[in-house]
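Please read the structure below before turning to the comments.
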Amino acid sequence: MWDSLLCLLPSLLLLLVAALLRWSPASSLLERGSRRATWILWRGVCWVLELPIPTRGEWTDGRSDTADAGPSLVCKPTALAHHLLLHCRTLLRPSLAAWPRGDPHLQTLSSLLWPLDGSAGGKVCFTRDHLLLNDGGTVALDWAVGLRGEPLLGAKCEQQLGACRSPGCRSGSSSGSPPILLLIPNSLGTVTPHLQRLCSLGLCRGYYPVVFHRRGQGGCPLTTPRYQEFGDPRDLVQAVAYLRARHRSAMLLAVSEGSGSGLLLSYLGECGSSSYLTAAACISPVLHGRLWFETPVPSLYHWGALFYHKLQISRYASALSSLMDVGQLLRCRSLKDMEELMFCGTPKPTAVSAEGQSPADGAKGWEAYWERNEPLRDADEVAVPVLCLCSADDPLLPPASTLPTSLFHNSPYFLLALTACGGHCGFFAQAGTGGGGGGGGTGTVASWSHEAVLEYFRVASDFLKGEEKRRRSRLAQEQDVGGQVQGWRRRSSTVLARRSKPVLPVRRERHLTHQPAQTALAEDLFTWNRSYTR
């Protein structure tokens, strides 16, 4: 008998546990207990890995107030900003994931190392264009052509239909050309799963994503013994000019990831109103380059980035050895030391660049280096709307208190969306929300930042198209008025030639009555040119 009871005891225990789990108070208590235990365990892991220990207790409930709260929008009240506030629902009402998926370190590591699910990352197919630059250097453009196992999309599909000569080439003659989405990776040149998911979503939304690779990064060969400085936009200027030449009727949009914003913002400031870009966005941007290099980061991220950067340098050690001490460079213990030694250190006596100048000419120190490489050094010249998405708990950036909020308050082109949580290039959306913008399947964790950026591009481009139509309408009205004035002048001159001289003052007075109307039209036209910035 006792043997039978002992045999049935495990089954009885399972039935009892199942019954307790079906009882709401017991299941709720068990869930809260498991969340608290996991929270304590995770704090211990952060302490061992020397990561900033989280202090928010999201384990107390299923959601946190910070995740539900919308971002803090910092911008100058302009017509464009008002239009975005009215139509960018994803930007204003995010549904960010709670802990544990909303933990800043989990979001950061996931966005840098592995995709969230098999359908979102790692399935994007790329085809590459190599561009030969003026100084003999080479950069690469990787066109996202589709997802593995699915029909080709984007530029590759256009190539097959139109028989273009290059992988990313399009005819550009049709007026309905889909917009080109230029993606700029971080300063290390890694195509992260975060960037791959953005490419995948952009393909599904009708964009032509293309990833820009600097010289010597992302598998692009280093054909000249020179790396690109942190904020040197010359290579990007030539790449954007190439895109404009190949796709004349397509709208050009740009997104930067992390430290890649230093290059994008430098380009926008360098080109000013002559930029070919219609709008730009920066996800977890580095707005102060020098401060970012000099601010300590957790050891886990620091040593990982340092190791990856040294791998890139060691690949071209023989070519770079004529210009710099590669051995000393590989012994550096921080990214700041490597950056300073590469671009600010004293070159070897025999080191001469392709232009006949030593690499340190004009860069006599760390101060001089950042005078020409700070991302916001020419912020006053930016003439393209720029949206910056930042998180207050970003473990890789300086504290949110260092953000240049005065720039966003005073500049009509800069907009800042600051969230309480999101990590670095994370911004995971709550499961089933699809980023808050529609488009994520139930049970998948999408990125709110991707949805917000693409919706921002759509709304901003619609606004600018409407302003362009109004400008053309005003120009047409001005031409009509000008034509009437010119016709009246010709008729009046003929009449004046036939009439006597005393009639002239009367005609002159009637002629002057047209000048205020023409001046008003000119003032309206000038005001429209910056209508979305005032």
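Using the Karplus equation 6.51 cos²θ - 1.76 cosθ + 1.60 (θ = phi - 60°), what ³J(HN,Hα) coupling, rounded to whole Hz, does each residue of region 75-80 give in order, writing x for Gly and Pro?
For region 75-80, the Karplus curve yields 6, 7, x, 10, 5, 5 Hz.
Calculate, for residue 473 and residue 248, the FRET efficiency according to 1/(1 + (r/R0)^6) with r their C-beta to C-beta distance and R0 22 Å; round to the nearest 0.05. Walk me through the intermediate numbers first.
Numbers: r = 24 Å, r/R0 = 1.09.
Efficiency computed from Cβ-Cβ geometry: 0.40.
Hey, with R₀ at 30 Å, roughly what FRET efficiency would residue 300 and residue 325 work out to, going by the Cβ-Cβ distance, to 0.05? Each step should come with its number before you reach the end.
On the way: r = 28 Å, r/R0 = 0.95.
Calculated value: 0.60.
For 83, 409, 194, what's the fewest-to-most ordering of other Cβ within 10 Å of each Cβ?
Values: 83 18, 409 13, 194 31.
Lowest to highest Cβ neighbour count: 409, 83, 194.
Residue-wise, which Karplus ³J(HN,Hα) couplings in Hz belong to region 83-89, taking 6.51 cos²θ - 1.76 cosθ + 1.60, θ = phi - 60°, and x for glycine or proline?
Coupling constants for region 83-89: 5, 5, 5, 7, 10, 8, 5 Hz.
Give me 42, 292 ranked fewest to most by other Cβ atoms within 10 Å of their Cβ, as a rough exposure proxy.
On the way: 42 19, 292 23.
Lowest to highest Cβ neighbour count: 42, 292.
Could you tell me the calculated FRET efficiency between residue 406 and residue 79, based on Cβ-Cβ distance and R0 = 25 angstrom, to the nearest 0.05? Display every interim value, and only then the final one.
Details: r = 21 Å, r/R0 = 0.85.
Efficiency computed from Cβ-Cβ geometry: 0.75.
How long is the gain from residue 337 to residue 34 if the chain were fully straight, where each residue apart is worth 0.36 nm and the alpha carbon distance is subtracted?
Details: separation 303, 0.36 × 303 = 109.08 nm, distance 4.43 nm.
Stretched fully, the residue 337-residue 34 segment lengthens by 104.7 nm.
Name the residues whose placed amide hydrogens come within less than 5 Å of the amide hydrogen of residue 282, ignoring near sequence neighbours (fewer than 5 apart) on the same chain.
Those lying under 5 Å, H to H, from residue 282 are 256, 387, 388, 389.
What relative contact order, as a whole-number percentage, does region 188-325 give when Cα pairs under 8 Å and 6 or more residues apart are counted? Can you show the working numbers first?
Details: 104 pairs, mean separation 31.4, N = 138.
That works out to 23 percent.
Quick one: go through region 329-345 and flag any residue whose amide nitrogen is under 16 Å from the point 7 Å out along the Cα-to-Cβ line of residue 135.
342-345
Since every read-out is calculated from the coordinates, none of them should be taken as a lab result. These numbers were taken from a predicted model, which means no experiment stands behind them. We place every Cβ from the backbone using ideal geometry, glycine too, and count neighbours over all the protein chains shown.
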